[in-house]
Each structure stands twice: as structure tokens, then as C-alpha cells.
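To start, the structure itself, in C-alpha cells.
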Amino acid sequence: MAHIKKPQKIVVINDCRDDNARVRLTTRLAALFPKMNIEFVGVNSHIEAAGNLVDVLDAALGKSALVLVNVAPRNGNHRWKNGSPFGYVQVGNSHIFSTIEGYTLSLLARVVEPFTVRVFDTDETVRWFGLHLWQQQIIAASQFRSFDFLPLLASGVLAGRRLPSTPLESTEIPPLKSSVIWWQDNFGNLKTTIAAGDMNLCSGEYVKLCLGDGSVIPSYYYEHLSDIPVHKFALTTGSSGYGAIRWLEIIKKGGRACDELGVGSGMVITIEK
């Protein structure tokens, strides 16, 4: 494999997000990728990671970026020996290394052309890093694989090393079973996984927002935020998405929709016209 052109930026999307984890990970990446700008997004779930991954690729405007995504199940129900394996896929000029468990890659598979993910077995891959046996054992058993393993994996792949992997087609990535809220922003607005273009709504059209907790919120759709009446719940086309696809958002102008509805990321939502 030929050496891959050096990305212009590193973005980390990680549920290991406390200050200790953040400084260790960004320092490790700075050691392996010197003089690279590093951004860090802390997430709580694979749903939040999925939306942020799509947003990062959209924000890159086709420029080369290295995106490292890690969301590990922490409920004790593991399919894998030591957590989800990591996979690699190139989308345009961006290089994505991500855990493959859950819905982390589901929105990516929805908004871009079909792709193939190279999936790496951690135990097998560490043998190719040229490390001492004790180092291999620590990495393979690490509880912080996005620090011990993922940066080395990205460095090796981008350097053109032939690391063993198995293919995973994007058609095999599980789609979201329901539309959900994937993020609440600092204004309290709720970003959904419903594409505005799929609903064919007209500005000013009446809609019912049906939440997974049984709540039904009478509302209206407005194409622009400026058109929404003050102190009213509304559905609008948000800024998040990929290319021509933009996700719908629930907002309350002059208020905080997330607080007043008592919901956040992961909540199921349907929209009835």
C-alpha cells in the first residue's frame, strides 16, 4: 500500500471524555502526528457519535481530515473479547477510524455512497506494530484502546503498512430502527436524524411531534429560524447534515426545548403531518 497523503486536521469523537482521558489522548496523537491541529468532541453514546461524525465530514468541505471515533458499550454485554473492533474507511479525502459496534457508522452509511470498512482484530493487529511482547499484551488488554491502540492503528494505516483486516460492507451496518434525537446544542435545540428533504414540509405547515415517552407536541414547521414565533415549539431545518441532506431540529424560540420537553439524545421521535 502506498503512503497516504498526510491529513490536514485530526478530529477525535470519544466517549472517554474526562480531562485526564482527553489530555492523554491528544498528547499521544501529537506525538504520532506532530504539528497537526487536534480537535476533541466528547459524546455520551453511539447515536451522538454518529451525528458528530457526519457533521465533521460535512464541515471539512472535502479537505483531508483524520477522524478517530470511539464509543464502547459499557453495560457488560460484549460481543467481542475486549470491546468493539476498530475499522477504517476513507470517505472522499477524509480517513475515518472508528469502533463498529452499534449505530456509530449508521448515519454515515445513510448519507454517502456504499463503502467498505476494513475491520482490524486488535490481538492480531498489535503483532504487526513491531513492539515488545509486553507492550502488545498491554495494548490488547487495555481498557483505553482509543489511547493505546487506535492512534497506532491510524499511524500505521496512513503510513501505508499492510495490516491484516476483514471487509465490512456498508450495507451490513445496521440502520437506525427509529428516528431519534442525536444531539442537544447549547441553546437547548434538539437535532434529529430526520432529513428535512424526506418530509416535504411547507413553511408554516402544522405537524405533530410524537416522542418516544408518549408525549405529543402540536407544532409547526418553519424553514427558517427567523420565521418561528417567540415562545413556540417548532420544527425547522437545521444546519447539521451532509451535503444536500440537512437534519430537522426541534426548537423553542426564546426557550430551551430540551429542558421544557425533558428529553435528550437517544429519544425516539416521529413526525405526523
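The values are calculated or read from the model by the stated rules, or taken from the named source; none is laboratory data. Note that the structure is a prediction, hence the values are computed from the model and not measured. Cβ placement follows ideal geometry from the backbone for every residue including glycine, while neighbour counts extend to all protein chains displayed.
What to note about this one:
- Residue selected from the range 26-72 under the condition small (Gly, Ala, Ser), modelled with pLDDT of 95 or more and in contact with a helix residue (DSSP H, G or I) (Cβ under 9 Å, 6 or more places away or on another chain), by the criterion surrounded by the fewest Cβ atoms within 10 Å (Cβ to Cβ): Ala31
- Checked against the criterion of being loosely packed, with under 13 Cβ neighbours inside 10 Å and either at pLDDT 95 or above or in contact with a strand residue (DSSP E or B) (Cβ under 8 Å, 6 or more places away or on another chain) (or both), the candidates Ser265, Ser178 yield just one match: Ser178.
- Checked against (1) at pLDDT 95 or above; (2) under 19 Å from Ala154 (Cα atoms); (3) surrounded by fewer than 21 Cβ atoms within 10 Å (Cβ to Cβ), Ser98 meets all criteria but (3).
- Sole residue being among the polar types (S, T, N, Q) and in contact with a Pro (Cβ under 6 Å, 6 or more places away or on another chain), chosen from Ser165, Ser178, Ser155, Ser170: Ser170
- Those residues of the range 178-206 which are under 19 Å from Gly241 (Cβ atoms) and among the acidic types (Asp, Glu), in sequence order: Asp185, Asp198
- Meets criteria (assigned to a strand (DSSP E or B), under 22 Å from Arg246 (Cα atoms) and in the same structural domain as Val263 (by TED's automatic domain parsing)) for Leu209: yes
- Residues of the range 231-253 that are without any contact (Cβ under 8 Å) to a residue 60 or more places away in the chain and not in a strand (DSSP E or B): His231, Lys232, Ala244, Lys253.
- Screening Gly197 against (1) surrounded by fewer than 16 Cβ atoms within 10 Å (Cβ to Cβ); (2) closer than 20 Å to His46 by Cα leaves a single unmet condition, (2).
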